[in-house]
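Just so you know, all these numbers are worked out from the coordinates, no wet-lab data involved. Since the structure is predicted, the reported quantities are computational estimates derived from the model, not experimental observations. Every residue, glycine as well, gets a Cβ built from its backbone with ideal geometry; the counts of neighbours run over all protein chains shown.
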Amino acid sequence: MRLELADIETWVKERIKEDEITRYMEGGRDFIDDEEIIEKLDSNRNPDPERIRDIIAKSLSIETLQPDETAALLNVDDPQLWEEIFEAAGKVKKLVYDNRIVTFAPLYCSNYCVNNCLYCGFRKENVKGRRRKLSLEEIKRETEVLAGKIGHKRLIVVYGEHPISDVSYIAESIRTIYNVKVETRKGYGQIRRVNVNAPPFSIDELKLLKEVGIGTYQVFQETYHHETYAYVHPPNTIKHNYQWRLYCMHRALEAGVDDVGIGVLFGLYDWKFEVMGLLYHSRELEKRFGVGPHTISFPRLQPAANTPFIQKAKYKVSDEDFKKLIAVIRLSVPYTGMILTAREPQELRREVIPLGITQTDASTRIGIGAYSEEYTRQEAERQQFLLGDTRSLDEVIRELCKMGYITSFCTAGYRCGRTGKQIMKLLRTGKERWFCKLNAILTFREWLDDFASEETKKEGERLIEKEMDEVKRELPRVYPVLLKYYTRIENGERDLYF
Amino acid sequence: MEKETYTSNQGLVKELDRIARAIKEKYGISVWFAEILGRRRSYIAGETEEEISFLPPTEVKVTPTLALLTHGWEKLKEGERSVILSSIREILKLHR
């Protein structure tokens with residue numbers, strides 16, 4: 001389909017539905033009050049260590065923190081106290097999700113975009129960027145590699161905002177992905193959960209995505225700071241509208257999409273302010289819908305082709321501060337999933353995973369069509385940004401095993417109605433972690449049999465043995481069922497879950 | 001006119017919650033309801049047990065788009081199962 005400029009302009013003008021913003025606002029204002037956030041950060045300076053320890057104890061009981069409490073954590077200076085915060089962050093993650101790490105891969109389907117975000121390689125004025133939209137046949141080929149050669153079970157599909165990649169295309173691409181089934185060594189490979197990173201949609205469009213069975217609907221606010229937001233997302237673009245983006249999760253939850261993911265692009269504004277923004281957003285969703293964010297993401301600005309804004313950015317986050325922000329998010333919204341991506345380099349990923357990470361990507365390619373075309377080096381012109389870690393899933397999994405983390409390909413919650421309010425309750429009561437462990441064992445066994453190298457298989461089996469022992473000890477009534485399922489998987493059956 | 005989904009039909013959600021409570025009271029088993037969307041099951045209403053068994057739940061298709069999930073289905077007699085399913089189907093008709 002070839003679109004004329006006038007068609008695109010009309011499409012842009014009609015995107016934003018004011019009544020789907022204002023219906024959620026109170027007194028004509030959105031729920032991010034910049035002055036209040038700055039005041040909270042100011043008034044909680046030099047927090048007493050005992051107060052910090054009380055706040056940590058609250059997080060360990062899986063309660064969402066109050067803004068004053070998060071502000072106090074962000075103001076800690078004492079390195080010893082930071083060590084306590086880091087340790088607690090790891091404990092909270094273990095209480096809620098156990099020692100499993102879920103892996104996924106991004107699949108970029110289209111990089112056409114009508115927006116002009118200063119930090120993004122896909123912005124419309126970046127004439128050096130190569131534009132491409134995958135056909136459904138190409139999406140099928142990409143999926144065959146992801147599900148059949150690498151062994152992923154979860155994808156995050158990514159689209160620019162443009163009429164040629166509108167909601168109908170997105171729905172079709174998701175259907176295409178779900179229909180791919182590839183024979184493997186012992187069983188078959190299939191994508192079982194498709195999460196979506198896409199522009200904000202209207203309620204009716206979100207209902208369409210729900211119908212095709214999307215997993216998490218992920219939209220990052222990029223920055224919660226109003227003035228910065230307006231600057232980096234130039235006027236006369238859809239993305240310039242702060243509230244249309246801010247309230248897209250409200251629309252999603254109203255449309256029945258019950259797992260939503262929020263995030264910030266760290267480096268656009270002060271990182272402490274942004275962490276507060278994420279907390280306010282989480283609390284707002286909890287208050288309105290009884291469901292907080294299923295995941296929080298915290299990508300940092302990375303170099304992108306022909307994007308000078310990034311080199312000049314004032315608020316770039318250091319590695320040290322990056323660790324702090326991850327730990328504070330973990331303590332502030334203890335039930336949420338936290339996604340660390342391959343934007344970050346290998347060494348840093350190793351350091352921050354113990355601070356509460358629940359999901360990460362591997363074997364990542366972010367060029368359009370990059371999995372099936374199998375190019376081995378990064379190509380800036382067809383990527384949104386440059387990756388920090390390009391290791392294979394096999395390598396990442398082996399490293400996680402050595403660190404004591406079991407890789408999970410679990411999509412069980414999504415398959416038996418443990419979503420939305422239901423999963424919130426299980427996460428908050430620390431019960432979900434047992435489901436995590438059981439399903440991690442089963443799905444990891446599948447992956448080891450179907451895709452692992454010999455070296456990784458050995459490491460993995462050692463870890464599985466330890467995990468099975470724990471189940472035998474802690475859940476003696478469940479253990480025989482696990483064993484039965486495990487044997488069935490060893491014999492080539494697939495997709496069994498608790 | 002916006003399209004209606006299970007979760008946007010709050011009357012139905014409340015009714016399914018009520019049924020889940022009634023089943024718990026009468027038969028002593030916890031059930032929850034989920035919308036069937038391809039392979040996805042999206043939570044609508046009902047509850048999980050306070051004492052979770054961690055065993056895989058049984059899925060019972062009430063209609064092509066609505067599933068009942070429970071750990072206690074095998075504890076019920078055939079007649080009890082039919083009564084439960086037909087009452088849910090009746091309620092669904094009223095809320096269409």
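Some notes on this structure:
- Distances between placed amide hydrogens fall under 5 Å for A:Leu107 paired with A:Ile156, A:Val157, A:Val158, all partners being 5 or more residues away or on another chain.
- The stretch B:6-94, dipole about Cα centre (Lys/Arg Cβ +1, Asp/Glu Cβ -1), debye to the nearest 20: 320 debye
- Chain A, relative contact order in percent, only Cα pairs under 8 angstrom and at least six apart counted: 20 percent
- Taken over the alpha carbons of the protein assembly as shown as equal point scatterers, the Debye sum produces base-10 log I(q)/I(0) values at 0.06, 0.10, 0.12 Å⁻¹ of -0.30, -0.87, -1.31.
- Ratio of Rg to Rh over the stretch A:373-498 (Cα coordinates, Kirkwood Rh, two decimals): 1.04
- The dipole here belongs to the protein assembly as shown: it is taken about the Cα centre, uses +1 on the Cβ of Lys and Arg and -1 on the Cβ of Asp and Glu, and is about 1660 debye.
- Between the stretch B:10-32 and the stretch A:251-266, the alpha-carbon centres lie 28 Å apart.
- Among A:Phe309, A:Leu340, A:Tyr414 the positive-end extreme of the charge dipole of the protein assembly as shown (Cβ point charges): A:Tyr414
- Inter-label distance, nm, simple model (7 Å from Cα along the C-beta direction), A:Lys140/A:Lys425: 4.2 nm
- Take every DSSP beta bridge whose two residues both sit in the protein assembly as shown; close to 40 percent of them are antiparallel.
- Of the residues A:Leu41, A:Leu81, A:Leu442, the one whose Cα sits farthest toward the positive end of the charge dipole of the protein assembly as shown, with +1 on the Cβ of Lys and Arg and -1 on the Cβ of Asp and Glu, is A:Leu442.
- Cα-based Rg / Dmax (Å) for chain B: 13.1, 43
- The mean count of C-beta atoms from other chains within 10 Å of the C-beta of residues in A:37-45, rounded to a whole number, is 0.
- Coupling constants for the stretch A:180-192 follow from the phi torsions by the Karplus curve (6.51 cos²θ - 1.76 cosθ + 1.60, θ = phi - 60°), and in residue order they are 7, 9, 10, 5, 10, 3, 10, x, 8, x, 7, 7, 9 Hz; glycine and proline get x.
- Centre separation in Å (Cα based) which lies between the stretch A:462-484 and the stretch A:15-91: 38 Å
- Anisotropy class of the stretch A:308-455 from Cα gyration tensor, a/c 1.5 cut: oblate
- Signed unit charges on C-beta, dipole axis of the stretch B:6-94, positive-most listed residue B:Tyr27, B:Ser87, B:Thr63: B:Thr63
- Placing +1 on the Cβ of every Lys and Arg and -1 on the Cβ of every Asp and Glu, with nothing else charged, gives the stretch A:68-117 a dipole about its Cα centre of roughly 500 debye.
- Entries of A:Lys186/A:Lys210; A:Lys437/B:Lys75; A:Lys13/A:Lys207; A:Lys207/B:Lys61; A:Lys402/A:Lys425; A:Lys210/A:Lys472 with Cα pairs more than 29 Å apart: A:Lys186/A:Lys210; A:Lys402/A:Lys425; A:Lys210/A:Lys472
- Between the stretch A:391-445 and the stretch A:329-345, the Cα center-to-center distance that results, in Å: 15 Å
- Amide H contacts of B:Val62 (H built 1.01 Å from N, in plane; Pro and chain starts excluded): B:Ala67, B:Leu68 sit under 5 Å, all sequence-distant by 5 or more or on other chains.
- Listed by chain and number, the lysines whose alpha-carbon sits under 20 Å from that of A:Lys323, ignoring those within fewer than 8 places in the same chain, are A:Lys91, A:Lys93, A:Lys94, A:Lys272, A:Lys314.
- Counting Cβ atoms of other protein chains within 10 Å of each residue's Cβ and taking the mean over peptide A:207-216 gives 4.
- q = 0.12, 0.20 Å⁻¹: log10 I(q)/I(0) that the Debye formula gives for the stretch A:238-335, counting C-alpha atoms only: -0.44, -1.05
- The angle between the Cα long axis of helix B:10-27 and the main principal axis of chain B comes to about 10°, on a 0 to 90 degree scale.
- Cβ-based net charge around A:Asn491, under 12 Å, with every Lys or Arg adding one and every Asp or Glu removing one: +1
- Difference of contour (0.36 nm per residue) and Cα-Cα distance, A:Ala313 to A:Glu87: 78.2 nm
- Degrees between helix B:78-94 axis and first principal axis of chain B (Cα, 0 to 90, nearest 10): 20 degrees
- Of the chymotrypsin sites (Phe, Trp or Tyr not before Pro) in the stretch A:269-345, not one is in a loop by DSSP (not H, G, I, E or B) with at most 13 other beta carbons within 10 Å.
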